[in-house]
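Heads up: the structure comes next, in structure tokens.
The values are calculated or read from the model by the stated rules, or taken from the named source; none is laboratory data. Source: prediction; values computed, not measured. Backbone-built Cβ (ideal geometry, glycine too); neighbour counts: all protein chains shown. Note: areas computed on protein heavy atoms with side chains; ligands, DNA, RNA excluded. Shrake-Rupley method; radii C 1.70, N 1.55, O 1.52, S 1.80 Å.
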Amino acid sequence: MSNSLPTREEDYSKWYNDLVVQAELADYSPVRGCMVIRPYGYAIWNRIKNALNERIEQSGVDEAYFPLFIPMSFFEREAEHVEGFSPELAVVTHGGGKELEEPLVVRPTSEAIIGDMFSKWIQSYRDLPLKINQWANVVRWEKRPRLFLRTLEFLWQEGHTAHSSYEEAQEMVEEILFNVYQDFCEQVAAIPVIPGKKSENEKFAGALATYTLEAMMGNTWALQAGTSHNLGQNFAKAFNIQYSDDNNELQDAWTTSWGMTSRMVGAVIMVHGDDHGLVLPPKLAPHQIVIVPIWRDEEQQEAVLAKCQELLGELGDFRVKLDDRDSYSPGFKFNEWEQKGVPVRLEIGPKDLEKGTVVVARRDMPGKQGKQFVSMETETLIPTLHNLLDEIQSSMLEKAREFQLSHTYEPKDYAELQDMIPEGWVHAYWCEDEACEAKVKEDTKATLRCLPFEEESEGTCIVCGKPATKKAVFARAY
RNA sequence: CGGGGCGUAGCGCAGUCCGGUCAGCGCACCGCGUUUGGGACGCGGGGGUCGGAGGUUCAAAUCCUCUCGCCCCGACCA
């Protein structure tokens with residue numbers, strides 16, 4: 001592990017990359033754009049998966065698995081879908097030493113293959129709603145990869161549902177957006193998000209409407225944290241997902257799809273990380289607490305380690321790591337675990353044994369003010385740690401929210417918008433004309449991130465001045 | 001694919017203009033000893049066909065030609 005990290009201000013992109021590599025989350029692979037996720041990074045991803053799964057299950061969705069390969073012809077059934085995805089498809093042309101009669105697409109998303117199966121599974125309105133989720137890897141041949149945020153292959157969860165009405169499908173889309181994704185982002189990842197609708201220009205290829213959660217990273221750029229699509233009847237028509245209603249009339253189903261990806265690991269890093277390294281919210285941290293023992297000689301070592309082992313046993317409520325490595329100094333360990341983002345550190349040395357205390361240090365508050373002496377007695381220590389982890393979890397969310405709010409601006413006019421974009425997000429009226437969206441991008445590199453869910457009101461488009469009723473968020477994005 | 005930059009030890013780099021004690025530095029790694037309350041120190045050690053191919057030369061990391069790869073800025077994007 002290297003001793004230094006570039007600071008965020010110096011070079012945000014390098015800071016991020018070094019942080020990912022030095023904290024042992026991921027590595028570059030021999031294949032450009034692909035990423036090796038190391039055990040520590042995967043442990044974070046696993047916690048993300050578990051938290052999402054809990055919520056997905058609560059929404060009445062079942063788990064299943066569909067194939068990696070999708071026949072090209074399936075893909076071509078929905079015109080907009082294939083048009084949107086074809087530039088980034090990986091295609092298998094040979095198998096078993098022979099050229100295939102029909103090329104197979106390595107799934108970039110599974111609407112096509114799942115749509116085909118849904119058409120076989122759904123006959124009657126009694127079969128609806130059908131709600132399926134799968135955990136999978138997908139491949140999109142991105143031109144500019146970035147560890148976790150945009151790699152050729154990534155891990156995700158994709159949900160696919162079919163319903164008997166538009167309203168029910170829309171309800172599903174919002175259920176996932178708010179109760180699964182937003183709740184996860186804010187309550188688990190401590191990342192505040194703005195839920196909203198994508199513009200026509202930015203929506204999913206083939207969807208009726210796409211909804212998104214936009215999160216602000218530490219450099220004020222926006223990152224799409226999750227997405228939920230109302231596919232209308234487009235995919236049902238393309239894949240023959242038809243059912244007989246209670247009047248025995250044949251109807252096209254209404255479908256949805258939604259996903260959240262391994263990119264969330266990157267989001268956690270970029271939202272919470274500081275110049276000392278990662279800062280992990282307690283609910284996602286592989287180790288919530290690390291114990292660093294301190295000794296001067298073998299006698300002390302034995303006594304201190306014995307106490308640490310005892311403590312390790314008593315702290316079974318938490319995910320605890322005891323760093324009993326010899327040959328590394330305590331100072332080295334402090335820095336290493338800081339870089340890896342462990343929320344709470346316990347320091348135990350000979351002086352603590354004498355006084356019956358431990359030093360409790362919190363990662364999100366570096367320096368003296370984040371340190372306190374706490375009694376070793378478990379009646380005191382355990383409740384203190386519970387409270388502290390809760391406090392860290394919520395204050396991380398608050399801190400990120402304050403940052404997001406204080407970097408979101410309401411410009412008076414277009415000139416002000418141009419000035420504000422480099423400083424953060426802009427929230428302003430938009431007339432829903434694509435030309436205005438394009439002009440903002442041309443002038444500022446900012447894209448229209450979403451139309452947040454909020455009351456409509458009377459105003460004028462920030463770009464062209466025409467009457468407008470909806471406000472949009474414009475920002476630079478990953 | 002357009003515009004810029006870079007390939008020398010696991011990582012980060014110096015050396016290239018001006019060919020010849022340039023096969024080097026820091027970190028990491030291995031051994032021994034002393035250390036250990038905020039990234040320890042000393043001594044010793046291992047590791048590189050200088051991205052690849054060809055050429056010029058008595059002599060090439062260095063000059064010439066061709067190639068391959070990577071990074072950054074754009075277009076695409078969870």
Q) Is any helix in chain A, taking whole DSSP H runs, at least 27 angstrom long along its axis by alpha carbon and on average at least -0.5 on the Kyte-Doolittle scale, and which ones? A) A:378-406
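Magnitude of the Cβ-charge dipole of region A:430-478, K/R +1 and D/E -1, about the Cα centre, nearest 20 debye?
Approximately 300 debye in magnitude.
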Q: Return, for the Cα atoms of chain A, the radius of gyration and Dmax in Å, separated by a comma.
A: 25.3, 85
Q | Three semi-axes of the equivalent ellipsoid, region A:11-149, Cα gyration tensor, whole Å, largest first | A | 31, 24, 13
Q | Solvent exposure of chain A as accessible area per residue, Å², 1.4 Å probe | A | 45
Q: Would you calculate a helix-derived [θ] at 222 nm for chain A, using -39,500 (n - 2.57) for each DSSP H run of n ≥ 4 and dividing by the full residue count, to the nearest 500?
A: -10000 deg cm²/dmol
**Q.** Extension gain from A:Thr460 to A:Ala415, taking 0.36 nm per residue of separation minus the Cα-Cα distance
**A.** 14.7 nm
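Restricting things to alpha carbons, find the Rg to Rh ratio for region A:352-401 using the Kirkwood radius for Rh.
Value, to two decimals: 1.04.
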(Q) From the gyration tensor of the Cα coordinates in region A:4-58, what semi-axes in whole Å does the equivalent ellipsoid have, largest first, with each one equal to sqrt(5λ)? (A) 27, 15, 10
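Tell me, what % of the accessible area of region A:319-427 is carbon and sulfur with a 1.4 angstrom probe?
Here carbon and sulfur together make up 51 percent of the probe-accessible area.
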Q) So, in Å, what gap is there between the alpha-carbon centers of region A:138-184 and region A:352-370? A) 41
**Q.** Point-charge dipole on Cβ atoms (K/R +1, D/E -1) for chain A, about Cα centre, debye to 20
**A.** 1100
Q) Expressed as a rounded percentage, what relative contact order does chain A have, with Cα pairs under 8 Å and six or more residues apart? A) 14
Q) Relative contact order of region A:101-251: what whole-number percent is it, with Cα pairs under 8 angstrom and at least 6 residues apart? A) 24
Q. What percentage of the solvent-accessible surface of region A:59-101, computed with a 1.4 Å probe over protein heavy atoms, is contributed by carbon and sulfur atoms?
A. 51
Q) Cα convex hull of region A:117-187: mean projected area in nm², to one decimal? A) 6.6
(Q) Need the C-alpha centroid separation for region A:424-461 versus region A:198-221, integer Å. (A) 12
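When you count, for each residue, the other Cβ atoms within 10 Å and take the mean per peptide, how do A:451-458, A:273-280 rank with the highest first?
Those peptides, ordered most packed to least, come out A:273-280, A:451-458.
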**Q.** Burial order of peptide ranges A:248-254, A:88-94 (average beta-carbon count within 10 Å, highest first)
**A.** A:248-254, A:88-94
Q | Paramagnetic label zone (point 7 Å from Cα along Cα-to-C-beta, A:Gln58; backbone N under 14 Å) in region A:145-189 | A | A:175-189
(Q) Using square roots of five times the C-alpha gyration tensor eigenvalues, list the equivalent-ellipsoid semi-axes of region A:45-123 in whole Å, biggest first. (A) 28, 16, 13
Q | Stokes-Einstein translational diffusion, region A:134-248 - Kirkwood Rh over all Cα pairs, 1.567 mPa s, 4 °C, in µm²/s | A | 81
Q) For region A:1-92, what is the largest minus smallest coordinate of the Cα atoms on each principal axis, given in angstrom and ordered from greatest to least? A) 53, 36, 25
Q. Taking A:Lys321 as the anchor, which lysines have their alpha carbon closer than 24 Å to its alpha carbon, excluding any fewer than eight residues away along the same chain?
A. A:Lys49, A:Lys283, A:Lys307, A:Lys333, A:Lys340, A:Lys351, A:Lys355, A:Lys368, A:Lys371
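State the percentage of accessible surface on region A:131-241 attributable to carbon and sulfur atoms; use a 1.4 Å probe and exclude ligands, DNA and RNA. Before the final figure, lay out each step's value.
On the way: 1490 of 3350 Å².
Accessible surface attributable to carbon and sulfur in region A:131-241 totals 44 percent.
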